[in-house]
Structures are given as structure tokens and as C-alpha cells.
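Each remark here refers to the structure printed beneath this line.
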Amino acid sequence: MDLNEQLDHIFHPRTVAVVGASASPEKVGFRVVSNLLEAGFRGRVYPVNPGLAELFGLRAYPSISAIPGEIDLAVIAIPAELTIAAVKECMAKGVKGALIISGGFSEVGTKTGASLQAELRDLASKGGTKILGPNTQGLVNPRLHLTASFQSTLSLLKAGNVAVVTQSGGLCIYIAHALSNHNVGISMAMGLGNRCGLDFEEVITYLAQDDETRVIAIYVEGLEQPKSLMRVAREVVKRKPIVAYKGGRGEGIDRATLSHTGALAGRYELYKAAFAQAGMITADNLTDMIDAIKALAFQPPSLGKRVAIFSVQAGPAIIMADKCHEYGLTLAQFPPALKQRLKQLGSPLNAIDNPVDVGWKSDEFNDCREMLRAVLEEDGVDGIVVGAVFLGSNMGLMRAVIDVAKDYKKPITVCLDSPHGTASAEITALEESGIPTYPLPERAVTGLAALVKYGEIIRGDGGGGIRTHGPSTEGQRFSRPSP
């Protein structure tokens, strides 16, 4: 059985055993079994505890070896000193993967913890059962309704095309929740914890082959062998974008990082440079990370960095133009024929150069549609960012964006600001049509900048930081993804 086939049993399991299942609601083992069942996991669940006869109506087993048939995934939630024996039993049983939620290893900074982790790592090196963790919040696969975690809110995640892989369980939850709150679905989410077995490179290699995953998001604190990740990423980004965020940047942070996942952070500048050289899109903060992921999950990469701006108000257009400059994007130069066409369609009160002011026409669907078509058909325009404050009457522009976007392979992002909930129907309509929306002008540009950057990466034009850009060239055309 090759690695990808083995990992398929872990990430798409049919059978899950929970070692340390408990009838006490305050126990992790209780919450794991409860979450698997409440999420509606489609496979079989086996509680394992020698002191239990049944749990939630399921027969409980005294040990892994007592369970009949094959086990794809064992979730281990018992004290650290008992995990070694449990993993050995999993290996003897032929269990494909062991997800170790238990803490108390090298992250606690004791000789005992370090010794247990070394023994666990030695077991992992022998093959057989793949180990995810220890010290992890678990694994989620929304399409399977799999919540192999003690965190119940992960059951609420929308199924989608973004995989989240983190060292920190807490950051996995933050990122997955934020994406879900921004209407971006998850294909998989997992915390690698102390990485005694599975590490970033193995998981990313698997995700590169996963049909449900379009974008890979990673949060890194520290790596023992960063070159392994960079080598794998360099190949994976040719097929799928990787958005990376590095934690543990400042002086004195290493100690906090070491006590968290047992890994030294290392110099941020070196990591960021390595990420860029490997073709990963690096984000300086979590907001930029979420905005970049959202655009990549919804839209095709850009063929260049020449941007057109449509805005209902002049102020947001200026902000968007400033942000384009910051990201190294250029405002597209409109030829005379295009300016004349925009002048015919627009209001005498509107500017017809780039940025395009559509304030007095924003409620007129037909004119907005034709203006957008004219700009998208221009060879010198690679993408469009649209900005609007919700006024109720200006949604002709939004309907025009939806109508036009499906006919072109050039990326579009939208800023649509409104009091809470008042534009929810418009935002839903846009995003169901595959058009990402953002609450602020700068963030819509951040999304478009990620699409420009990924276009450069797959054409070999530049590094991965969304703040650094190589020259734009024409390249292969890409289809618009399904939202």
C-alpha cells in the first residue's frame, strides 16, 4: 500500500475507533464520540474502554484488538504515558492511522515528555500505522461528516474546496471558522500537533491528489527539516496554490512556540524567503490569509497584473488604487476606443478613465453590464475589482457583475459594504456565482493580488509573497472554478 492509499484510509475513513471513549461529558473521549455521531459520520464508530459496555447505544470494546474487522483510523484520547502501548496495539491490529489527541509530550518541556515523544517518533518511523499528532485537536472532513475532534463547532463547517493544515490546533480552528464565516467551504482541516509521524510534506503531497481540494492553507510555527516542505511545495504549487502563514516571528517567541508544539520557530525572514522560493503565497497576517484563500477558492488565476477598478464612489476607488500600487499591480491603460465606449454608456457626471466611476449609473443594469463587458474584452485588462457601498438602489451593478463574469476567464473581486445583514441576499448571489466579496476596499484588492500572484507562480514569473511581483506574461488560460 503506497502512502497516498494509506492516507486515504485516514482522511476518508470508513471505520473509526476511539481509544479512551468515556461516559463522562467532561472527558475528551466522550466529546470525540459525541462529535462523530452528532456530525453524522457515515462510517462505523467503535468506542474503546475496558470499563464500558456501551456508549450512545454503541457496543464498547475493551481494546483495539477486540474489535472485529479492519480499522481505518484510531483516535487516541488517553494519558500520554498510555499512548505508546495503544499505538503498538494499533500497529499489531493493522490500523491504518492513529490520531493522537493526547498531550504531555515534548511540548510540556519535561524529560518524561521528551522521552515519550522520542519513543512515539521511533514507532512512527517503523511504518505500518501512520501517526497524526500527538497534541492535536483532530481531523475534520465535512463531506464525510467526519469530526474526529473534541471541538464540536468544527461539525458546523461548510464542505468546500480549501484544505487547512496547521501545527496549532487553535489556529486550525480559527482559520477554519473564519473561512466558514466568509462563505468558503472546507475539504479538510487538521492540526498536525507535534508531528511525530505525519508532517506537512506528506499531507500536502496527498492533498495535491485530492479531487475535493483546490487550495491548501498552512500555518507553520517551526520545522526541523524545512527543505523537505519546500521541495514538495515547489511541485504541488504547479497544480494547486498553497497559502502560508508563519507564526513565532519576534525575539523571545521561540520559547512560547516550543512550549506549544515542541518546535523551535526560527527566523521569520528565512522562512518567508523559503516559502516564496517554493512558490507558496505568503500572508503577513491572518486577515490577508483568509482574503487570499477566498479569492483562490472562487476565481481563476490572473494572466497578468493590469487591473481595472469599478467603483460607485470615488473614495473607495482611490483606496483600491493605492492598494494596487502597494501590491505591485498596475492600473490598466484604457485605449481611446474603450474610453469612448464608456463615455457613451456612462453618465456625463462620471469619470470614464481607470478607475471607472459608475456612481450615477450603478442602478442601471444594462449600462453597467455593457461597461463591464467593454472593459473585460480589452486585451490590456487582466482583472477587475469592483467597489460599492450598499445603498439599496445601486445593485444593478452587482447584478451586472454576476451576469458578465460567467462569460470571461478574467478574475473579479468585489467590495460590498453594508450595515449588518442588509446586503446578505446580494452577497449570497455573488458568491453562489463564484465571485468573492469583501467588506472593505483594500481586502478586495488583496484577493485579486493573490490571483495575480498565483498566475505568476504557475507561469514561473515570480516568487510567492503576495507583496512581491514579477513581470506579467501571457500564458495558459484557466477555467473559472465552481464556488
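The values are calculated or read from the model by the stated rules, or taken from the named source; none is laboratory data. Keep in mind it's a predicted model, so treat the numbers as computed, not measured. For neighbour counting, all protein chains shown are included, and Cβ atoms are generated from backbone atoms with ideal geometry for every residue, glycine included.
Within the stretch 19-34, being surrounded by 21 or more Cβ atoms within 10 Å (Cβ to Cβ), of a type outside the set (A, V, I, L, M, F, W, C) and part of a loop (DSSP other than H, G, I, E, B) holds for 20, 22. Test residue 400 against the criterion of being modelled with pLDDT of 90 or more, over 28 Å from the mean Cα position of the chain (by Cα), more than 24 Å from residue 297 (Cα to Cα) and among the aliphatic types (A, V, I, L, M), and give yes or no. In short, no. Take residue 417 and tell me if it is within 27 Å of the chain's Cα centre (by Cα) and modelled with pLDDT under 95. Yes; evaluated as a whole, the condition is true for this residue.
For the stretch 62-81, the condition of being touching a Lys or Arg at 6+ places or on another chain (Cβ under 6 Å), under 21 Å from residue 103 (Cα atoms) and either in a strand (DSSP E or B) or in the same structural domain as residue 115 (by TED's automatic domain parsing) (or both) holds for at least one residue. Close contacts from the stretch 190-205, counting a first residue that is over 11 Å from residue 168 (Cα atoms) and outside any helix (DSSP H, G or I) and a second that is modelled with pLDDT of 95 or more and of a type in the set (Val, Ile, Thr), with Cβ to Cβ under 8 Å and a gap of 6+ residues or different chains, come to 196/100; 196/131; 197/131; 198/131. Select from the stretch 1-18 the residues that are assigned to a loop (DSSP other than H, G, I, E, B) and touching a Lys or Arg at 6+ places or on another chain (Cβ under 9 Å) and list them in ascending order. 1, 12, 13, 14, listed by residue number.
Only one of the numbered conditions (1) surrounded by fewer than 20 Cβ atoms within 10 Å (Cβ to Cβ); (2) in a loop (DSSP other than H, G, I, E, B); (3) among the hydrophobic types (A, V, I, L, M, F, W, C) is violated by residue 337, and that is (2). With respect to the stated conditions, residue 165 fails to be assigned to a loop (DSSP other than H, G, I, E, B), under 17 Å from the mean Cα position of the chain (by Cα) and either surrounded by 18 or more Cβ atoms within 10 Å (Cβ to Cβ) or touching a residue at least 60 places away in the same chain (Cβ under 8 Å) (or both). Residue 149 - would you say it is under 16 Å from the mean Cα position of the chain (by Cα) and buried (at least 20 other Cβ atoms within 10 Å of the Cβ)? In short, no. The single condition from (1) touching a helix residue (DSSP H, G or I) at 6+ places or on another chain (Cβ under 6 Å); (2) under 23 Å from residue 296 (Cα atoms); (3) of a type in the set (S, T, N, Q) that residue 330 fails is (1).
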